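Read the structure below first, then the notes.
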Amino acid sequence: MGEATVWGVPELPEVEALAAYLRERATGRAVDRLEVAAINALKTYDPPPSAAVGRHLEGAGRHGKFLELRLTGDLRLIVHLARAGWLHYRESFPSAALLKPGKGPIAVRVRLDDGSGFDLTEAGTQKSLAAYLVTDPALVPGIARLGPDVLSLEPEAFANRVRGRRGQIKGVLTDQEVLAGVGNAYSDEILHAAKLSPFALTNRLSEEQMARLYEATRLTLTDAVTRSVGQRAAELKGEKRSGLRVHARTGLPCPVCGDTIREVSFADSSLQYCPTCQTGGKPLADRRLSKLVR
Ligand SMILES: [Zn+2]
């Protein structure tokens with residue numbers, strides 16, 4: 001549970017790694033059964049889950065933080081794992097019995113024709129994992145609104161997207177309509193690598209700062225993808241954790257300069273940063289904390 005809160009939504013590198021894992025394990029296999037245990041997790045009703053049966057998995061990919069499994073006949077199972085969701089691949093299932101609706105963390109189970117398959121699970125009580133069975137990815141509302149994939153852009157297009165949305169860079173970088181793929185954890189890492197304050201305003205970034213932001217974004221994400229791909233799905237979260245320099249490291253020393261990592265808390269999230277590396281040594285105001293102190 002704490003893990004889900006700390007590591008948050010799987011972002012571009014983890015979803016990319018899950019897609020790579022499924023491509024390697026499951027491509028060519030046919031769907032034997034698609035069971036939906038959490039009724040609210042499946043957001044589409046036409047085509048029904050039974051439409052997936054007998055179709056072969058042709059590939060797996062990603063739209064921003066959405067995972068896509070492509071089945072023959074242009075059918076796609078698209079999943080947004082949300083905060084506490086995950087995909088568990090299984091070599092085999094202990095029983096052939098159908099899942100009991102509403103019981104336990106398993107939202108969706110996909111059985112393949114060789115006895116293997118995977119479960120989409122969600123821990124905790126706030127159920128927001130979302131699955132869609134569609135013939136066109138654009139039918140998924142969150143995908144229709146996505147901006148270009150953050151790793152697909154050349155420097156100039158990247159700068160235009162970022163400057164096109166006025167606001168604090170932390171919020172703009174994680175806005176999926178501006179750029180698809182980056183969430184709370186990797187935006188902390190990117191801004192630390194770029195030596196930028198999370199509260200820097202996008203329309204005031206200099207050319208040099210923008211160039212640093214672009215480089216930091218590419219390096220941080222491609223490095224995380226390289227470390228994640230090839231990991232077993234179960235080990236991905238550990239891999240993400242081991243690669244983080246500031247995110248979820250409040251109170252620990254910055255690996256670059258040794259200063260103490262600080263955080264700013266919001267209603268349902270927090271950001272971490274290094275004052276020496278990112279804000280000229282000045283701590284950012286934490287509204288929640290200053291309220292408590294007063
Ligand atoms: Zn530092």
Just want the answer: with Cβ charges of +1 for Lys and Arg and -1 for Asp and Glu, which residue in 261, 28, 98 is farthest toward the dipole's positive end in the chain?
261
As a test of the formula, what do you get for the chain when each DSSP H run with n ≥ 4 contributes -39,500 (n - 2.57) and the sum is divided by the residue count, at 222 nm and rounded to the nearest 500 deg cm²/dmol?
-9000 deg cm²/dmol
Nearest-0.05 FRET efficiency for residue 211 and residue 152, computed from C-beta distance (R0 25 Å)
0.90
Which one of 19, 274, 59 is farthest out on the positive end of the charge dipole of the chain, using unit charges on Cβ (Lys, Arg +1; Asp, Glu -1) and the Cα centre as origin?
274
Quotient of Cα Rg and 2.2 N^0.38 Å for the chain, N being how many residues it contains
1.06
Nearest 10 degrees, 0 to 90: helix 184-193 Cα axis against the chain principal axis:
40 degrees
Whats the longest run of the chain with zero chymotrypsin sites (Phe, Trp or Tyr not before Pro) that are DSSP loop and have at most 15 other Cβ atoms within 10 Å?
46-265
Helix 155-164: angle to the longest alpha-carbon principal axis of the chain, degrees 0 to 90, nearest 10?
80 degrees
Compute the acute angle (0 to 90°) between the alpha-carbon long axis of helix 12-26 and the principal axis of greatest extent of the alpha-carbon atoms of the chain; round to the nearest 10°.
20 degrees
Along the chain, longest interval not containing exposed GluC sites (Glu not before Pro), exposed being DSSP loop plus at most 13 other Cβ atoms within 10 Å
178-294
Over the Cα atoms, compute the radius of gyration (one decimal) and Dmax (the largest Cα-Cα distance, rounded to a whole number) for the stretch 38-185, in Å.
17.3, 54
The extension gain from residue 163 to residue 276, computed as 0.36 nm times the residue separation minus the Cα-Cα distance, is 38.2 nm
For the stretch 1-117, average projected area of the Cα convex hull in nm²:
7.3 nm²
In a Gaussian network model over the chain where Cα atoms closer than 10 Å are linked, find which of 103, 170, 195 has the largest mean-square fluctuation.
103
Using the alpha-carbon centroid of each, what span in Å lies between the stretch 180-199 and the stretch 102-174?
18 Å
Taking only C-alpha positions in the stretch 244-286, Rg and Dmax in angstrom work out to 9.7, 29
Using the Kirkwood formula over every pair of different C-alpha atoms, what hydrodynamic radius in Å results for the stretch 146-294?
15.9 Å
Among 103/170; 127/195; 127/282; 65/195, the pairs whose Cα-Cα distance exceeds 29 Å are 103/170; 127/195; 127/282
Give me the dipole magnitude in Debye, nearest 20, for the stretch 22-93 about the Cα centre, with unit charges on the beta carbon: positive for Lys and Arg, negative for Asp and Glu.
240 debye
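Each value in this text was obtained by applying a stated rule to the coordinates, not by laboratory testing. Keep in mind the model is a prediction, meaning the values are calculated, not measured. FYI the Cβ positions are ideal-geometry reconstructions off the backbone, even for glycines, and counts take in every protein chain you see.
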